[in-house]
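Take this structure first; my questions come after.
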Amino acid sequence: MNFRSTPALHFLQLPSKFAALATLSLITLFGGAAPAHAAIDVPSPPPIAARSWLLMDPASGQLLASQAPDERLEPASLTKLMSAYVVFTALRDRKIALGQAVPVSPQALRIGGSRMFIDAKKPVIVEDLIRGMIVQSGNDASFALAEAVAGSEEVFVQLMNREAARMGLKSTQFMNSTGLPNPRHYSTARDLGIIASNLIRDFPERYKAYYAMKEFRYNNITQQNRNRLLWLDPNVDGVKTGHTDAAGYCLIASAVRGQRRLLSVVLGASSDSMRAQESQKLLNYGFQLYDSVRVYAKGATVSTLRVWKGSDRQLSAGMARDLIVSVPKGTGDKIKAEFLGREPIIAPIAAGQEVGVVRILLDKQLIGEYPVVALGDIPVAGFFWRTIDSMRMWFD
């Protein structure tokens, strides 16, 4: 199939009333995004004392600011974001249950690093292991969950890497479920931001239930969440810390102010307090200098396409989710949209099938390209009309 611009929608000027519309940023992470401020004069971000960092709009996937976002680094316990994603997927698919008792192997009990201190003499349930993995960053909890989901950590890691490939991560490879050092275990600030955004979007109730917990008590041991921003900023509701000698101090933080969500990734800071401070600086910068703009609402028709060999001749195409982008404050009226439809569109067509893309531009600078889908089903036509359309397609 080819893409062709639809003339009627070429460079649509959006109404200025959308300029400062704030909408909850819990939608699909789209690819191909460029910095929203590339063609607009906007103050530079503050200096960030970290090896690699970024500020992301998780709704659109835009990087609002970054330094070395694609440098491969040791992710330490940020690895547990992907472990949690795989565990939440298993819960959704009913392969495990929150109240299920998990037998813990000797290998899980002996694992090094941070622990939730599982008691071999007491049964432990899946939900406690989830809290131990997220709040206490327990390596024993992560390992036990990996065995519960996949039978072994080795197979669980295959699931982690499969999800990484599905998310389109280009510079991530997992060798374990915990983040313990391994020279072939690596990721980047960009990829880790995508994992966190997908987790927040795909499992909002799980995210809300666990990632803002400030402490968890298990086996008569209370441990606090190492994310200092949960105490310092009431708008922060996650996400995860990490630390090893090689990785330094790392933090992925997300906050909601009003109805807007932003996400920061800070890798390789020099201390626990520094990773929190630098993350707070990034979040403040983003909330102060950017607006969220809803370009298209979920289910809104972006274009009407010609359909060949179908019971209907035309197809309404639109967005599967709200399309929201971040732009420098006061520039929402400069957004333009260009729809590029796939051709030819041949029945049968299923609702949700991708049929084109919409390109969003700010002052002629590309922000990103986002999928447009069929808003309804179109079955195939009868033999007569299929034959007529086959002949017409030769001359179109």
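Which whole-number value in Å³ per residue fits the convex hull of the alpha carbons of the range 295-393? Working shown, then result.
Values: hull volume 8.2 nm³, N = 99.
Each residue corresponds to 83 Å³ of Cα convex hull volume.
Still on this model: Could you please put Asp312, Asp237 in sequence from largest to smallest accessible area, using a 1.4 Å probe?
On the way: Asp312 80, Asp237 35 Å².
My answer, sorted largest first, is Asp312, Asp237.
Additional query: Given the C-alpha atoms of the range 121-257, compute the convex hull and give its volume per residue in Å³. Spell out each step's value before the answer.
Details: hull volume 17.3 nm³, N = 137.
It comes to 126 Å³ per residue, whole-number rounded.
While we're here: Using the alpha-carbon centroid of each, what span in Å lies between the range 152-176 and the range 89-142?
Their Cα centres are 19 Å away from one another.
Just by accessible area at a 1.4 angstrom probe, what is the order of Lys309, Lys334, Lys240 from largest to smallest? Could you put the intermediate results ahead of the total?
Values: Lys309 50, Lys334 95, Lys240 10 Å².
Per-residue accessible area, sorted high to low, gives Lys334, Lys309, Lys240.
For a quick check, take a GNM of the chain with Cα springs below 10 Å and name the residue from Thr244, Thr79, Thr304 with the largest mean-square fluctuation.
Thr304
Averaged per residue, what accessible surface does the chain expose to a 1.4 Å probe, in Å²? Let's see the in-between values first.
Details: 17080 Å² over 396 residues.
Solvent-accessible surface per residue comes out at 43 Å².
When the scattering of the range 218-284 is computed by the Debye formula from its Cα atoms alone, each counted once and equally, what is log10 I(q)/I(0) at q = 0.12, 0.16, 0.24, 0.25 Å⁻¹?
One equal scatterer on each Cα of the range 218-284 leads to -0.31, -0.52, -0.97, -1.03.
Where the accessible area of the chain is counted over protein heavy atoms with a 1.4 Å probe, how much of it, in %, is carbon and sulfur?
Numbers: 8830 of 17080 Å².
The value for the chain is 52 percent carbon and sulfur by accessible area.
If you count only protein heavy atoms and use a 1.4 Å probe, how large is the accessible surface of Asp333, to the nearest 10 Å²?
70
Follow-up. What is the Å³ per residue value for the convex hull set by the Cα atoms of the chain? Intermediate values should be presented prior to the final figure.
Numbers: hull volume 58.0 nm³, N = 396.
Spelled out: Cα convex hull of the chain, divided by residues, is 146 Å³.
Would you compute, from DSSP H runs of 4+ residues alone, the mean residue ellipticity of the chain at 222 nm, taking -39500 (n - 2.57) per run and dividing by the full residue count, rounded to the nearest 500?
Working: 10 runs with 109 residues, N = 396.
When only DSSP H runs of four or more count, the value is -8500 deg cm²/dmol.
Please give the net charge around Leu229, taking every other residue with its beta carbon less than 10 angstrom from that of Leu229, where Lys and Arg add +1 and Asp and Glu add -1.
0
So which residue, out of Gly330, Gly286, Gly132, gets the largest mean-square fluctuation from a GNM of the chain using Cα contacts under 10 Å as springs?
Result: Gly330 has the largest fluctuation of those listed.
Oh, and also: Rg(Cα) of the range 30-161 divided by 2.2 N^0.38 Å?
Values: Rg = 18.8 Å, N = 132, 2.2 N^0.38 = 14.1 Å.
Normalised Rg, Cα atoms only: 1.34.
The values are calculated or read from the model by the stated rules, or taken from the named source; none is laboratory data. Because the structure is predicted, anything quoted here is derived from the model rather than measured. As a convention, Cβ positions derive from the backbone with ideal geometry for all residues, glycine included, and neighbour counts pool all protein chains shown. To get the accessible areas, we keep the full protein, side chains included, count just its heavy atoms, and leave off ligands, DNA and RNA. Shrake-Rupley method; radii C 1.70, N 1.55, O 1.52, S 1.80 Å.
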